[in-house]
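The values are calculated or read from the model by the stated rules, or taken from the named source; none is laboratory data. All figures in this text were calculated on a predicted structure; none of them were measured in a lab. Every residue, glycine among them, receives a Cβ derived from its backbone with ideal geometry; neighbour counts consider all protein chains shown.
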Amino acid sequence: MPPLSNVQQRDIDSVFHPYTPLHKLSETGTLVIDHGKGVFIYDTQGNEYIEGMSGLWCAGLGFGDEELIDAATEQLRALPYYHLFAARGTEPAIELAEKLKELAPVPISKVFYTSSGSEANDTQVKLAWYYNNALGRPEKKKIISRQKAYHGVTIMAASLTGLGPNHKGFDLPVDGVLHAECPHFYRNGLEGETEEEFTARMANSLRALIEREGPETIAAMIAEPVMGAGGVIVPPKGYFPAIKPILDEHDIMLIDDEVINGFCRTGNWWGAETHDMVPTTMSVAKQLTSAYAPLGAVMVPDDIYQAFVDYTSRLGTFGHGFTYGGHPLGCALGVKAIEIYQKRDILSHVRALAPLFERRLTGLTEHPLVGEARFSGLVGGLELVADKATKRAFDPSHGVGAKVSSLIEKRGAILRPLGDTIAMCPPMIIKEDELNALFDRLEGALDEAEGWVEKEGLR
Ligand code: PLP
């Protein structure tokens, strides 16, 4: 390992890094990013990388977009801050809510703003609780999530998340959260089972969970159409159509977490459209502003909103809201990002590039390290396995995914290891030659990693 540069040393001396092996930082150092343009970012040494993850699945319009920068500057000049508490409003918050209502895949009446995806999902749970209290059924409070789901890191959002590292050491999940089975056919399908049979089994297992717990105790189920941080898990085609009637039958809301899926990523405006999900409410964040400012939102239909109005009339006020929820800078950027998605027809661009993305990803299943390629629009994942025939995983302590990602970085690209799944979520503005270059770098890294696996005897 080369000695740490001055800026790396200052970074690790003072910044507490999230999602980082803290005990190795003085060995690994950090990658300090200085600036970005288009799909490229540059570190403080001047090295260029294709940002194949859009940061954290969020910078869908890439870096340095002048229209977004102008919109931000204009908003900061006009009104850098105001809030929405106590019946105050701002023009950008109004305009963005109107746009979200227009775009929503189901009728939406109101938009509640937050500053992040975690806050949006926490808000969803509080709204579900408030709603059931409003209807006089205070026992209907549990929330179903799924194993491998990712819904954020606040105490409730981390509890909804179905991943070990988000629970271990934090005494989570809290009570009242149920984790249903993960609809990942490659990993959880049984020997000889078809995808249709697997889907029916997932639905039956959800029904059994609901009946075991008592439907009168369950308020909602939350689900990402494509599960992102859990490993880019794409549900079987009939999964959401199979589970929705079970939820309806038991009066359980379906909260659609569109934090990664939303805004053209899967080849439609919403992951719900691509994956036949009919939501009750929706959470959005990330590409909502193309990550140019933090913003999240919860989108609510009218019957639920009217129950809030009625209940609030009995309680006095609706007691929930964030200082920066609906920040005018975020909202102005949300309005501009949506305008850009529409006028540059980002949806058609994603659809046009998706076949190349799919072809190059599925081509990699020929590689000795790759067990499965998964994709939806321009989000994908490659699961690395020790044995392709038996799907046997590598021992996690070997860190094969992390090794591949560091080899990709050496070649000038950023992709994210989710355990031994390599995630890809390039800015949606990526051009064909840039996408091919990203895959070429990934392929080179996989070849080098295969040599390392063999040499170290990691199989
Ligand atoms: N929901 C999903 C599906 C996410 O992927 C994330 C973040 O990655 C969140 C919620 C949490 O969003 P945030 O990190 O903005 O709190």
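Annotations
- Output for the stretch 123-176, where each listed residue is small (G, A, S) and touching a Lys or Arg at 6+ places or on another chain (Cβ under 8 Å): A128, G162, G176
- Test: residue in the stretch 221-234 that is buried (at least 20 other Cβ atoms within 10 Å of the Cβ) and more than 16 Å from the ligand (Cβ to nearest atom): no
- Of the candidates S145, S118, S109, the single residue that is in the same structural domain as L288 (by TED's automatic domain parsing), of a type in the set (G, A, S) and closer than 13 Å to V300 by Cα is S109.
- Among the criteria (1) in the same structural domain as L135 (by TED's automatic domain parsing); (2) under 29 Å from D440 (Cβ atoms), the one L353 does not fulfil is (1).
- So R459, is it in contact (Cβ under 8 Å) with a residue 60 or more places away in the chain and more than 20 Å from L61 (Cα to Cα): yes
Yes/no per residue for (1) over 30 Å from L415 (Cβ atoms); (2) without any contact (Cβ under 8 Å) to a residue 40 or more places away in the chain:
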| site | (1), (2) |
| --- | --- |
| G316 | yes, yes |
| T323 | yes, no |
| Y341 | no, no |
| D345 | no, yes |
| E358 | no, yes |
| E366 | no, yes |
| A373 | no, yes |
| L382 | no, no |
| T390 | no, yes |
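- Residues located in the stretch 424-434, provided they are surrounded by fewer than 23 Cβ atoms within 10 Å (Cβ to Cβ) and within 17 Å of V379 (Cβ to Cβ): I429, E434
- Only one of K343, K391, K410 that is touching a strand residue (DSSP E or B) at 6+ places or on another chain (Cβ under 6 Å) and surrounded by fewer than 17 Cβ atoms within 10 Å (Cβ to Cβ): K391
- Filter pass, A93 being loosely packed, with under 13 Cβ neighbours inside 10 Å, aliphatic (A, V, I, L, M), assigned by TED's automatic domain parsing to the domain that holds V335 and more than 22 Å from A402 (Cβ to Cβ): no
- A count restricted to the stretch 30-46 and to residues that are touching a residue at least 60 places away in the same chain (Cβ under 8 Å) and out of contact with any Gly (no Cβ under 6 Å at 6 or more places or on another chain) stands at 2.
- Boolean, I210 is touching a helix residue (DSSP H, G or I) at 6+ places or on another chain (Cβ under 6 Å), touching a residue at least 60 places away in the same chain (Cβ under 8 Å) and outside any loop (DSSP other than H, G, I, E, B): no
- Of all residues in the stretch 127-164, those that are over 22 Å from L209 (Cα atoms) and in contact (Cβ under 8 Å) with a residue 12 or more places away in the chain total 10.
- Qualifying residue in the stretch 49-59 (condition: surrounded by 17 or more Cβ atoms within 10 Å (Cβ to Cβ), farther than 17 Å from S406 by Cα and more than 16 Å from the ligand (Cβ to nearest atom)): no
- Where helices (runs of 4 or more DSSP H) fall wholly inside the stretch 93-191, the ranges with 1 or more residues that are over 20 Å from the mean Cα position of the chain (by Cα) and more than 16 Å from the ligand (Cβ to nearest atom) are 117-134, 185-188.
- The condition (being modelled with pLDDT of 95 or more and farther than 30 Å from E66 by Cβ) is satisfied by just one residue among V370, V350, V379: V370.
- Taken together, the criteria place D303 among residues that are without any contact (Cβ under 8 Å) to a residue 60 or more places away in the chain and either under 21 Å from I222 (Cβ atoms) or crowded, with 24+ Cβ neighbours inside 10 Å (or both).
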